[in-house]
1. Between helix 2-30 and the chain, what is the angle of the helix's C-alpha long axis to the longest principal axis, kept within 0 to 90° and rounded to the nearest 10?
2. Just need log10 I(q)/I(0) for the stretch 20-127 at q = 0.18, 0.22 Å⁻¹, Debye formula, equal scatterers on the alpha-carbon atoms, no solvent, rounded to two decimals.
3. Going from the alpha-carbon gyration tensor of the stretch 8-79, what semi-axes, largest first and in whole Å, does one get by taking the root of 5 times each eigenvalue?
4. Just to verify a number: FRET efficiency for Ser85 and Leu8, C-beta to C-beta distance, R0 = 30 Å, to 0.05?
5. Any chance you could run the full-extension gain for Gln93 through Gln123? It's 0.36 nm times the residue separation minus the Cα-Cα distance, nm to one decimal.
6. Given a Förster distance of 22 Å, report the FRET efficiency between Ser16 and Leu58 from their Cβ-Cβ distance, rounded to the nearest 0.05.
7. Ignoring everything except DSSP H segments at least 4 long, calculate the 222 nm mean residue ellipticity for the chain; use -39,500 (n - 2.57) per segment, divide by total residues, nearest 500.
Amino acid sequence: MPNLIQNLLLVMLGASLGGGCRYLFTLIESRLSTPIPTSTLLVNIIGGLLAGTIAGYLLHKPDQTIRLFLIVGFCGGLTTFSSFSLETMKLLQNREFLMALSLTLFHFIGAIGATIIGFILTQRLIS
């Protein structure tokens, strides 16, 4: 049981830090005028890059503590599919179909692409 509690605390601490960073991105965006919600897009791409980089590193040096704290906790708290879904729904409600499609493509291509890039770069640096 102590290991479970320790792991839970690692995830919770990481998630709170990731969520705090997510909020900072929202504050920055509120001061900018952008045609699409960019803070969610940026955190999803950055989170993908971090997750890919950390996963690439962990292939060579497996560490459950790092995985739980950074990938499950921090990246989980930083990125958010629910905000992306809500922002896309609002665009659809406003009949901004092209903008909604563009936002969806940016999120998926950006986040998945960043994850792949982070993973590949880490593999090349470690190898």
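The numbers here are math on the coordinates, done by the rules we state, and not lab data. Since the model is a prediction, treat every value here as computed from it, not as a measurement. When we count neighbours, we look across all protein chains shown, and the Cβ atoms used for this are built from the backbone with ideal geometry, even at glycine.
1. For 2-30 against the chain, the angle is about 30 degrees.
2. -0.88, -1.13
3. 26, 14, 6
4. 0.65
5. Extra length available between Gln93 and Gln123 comes to 6.5 nm.
6. My answer for the efficiency is 0.50.
7. It comes out at -26500 deg cm²/dmol, rounded to the nearest 500.
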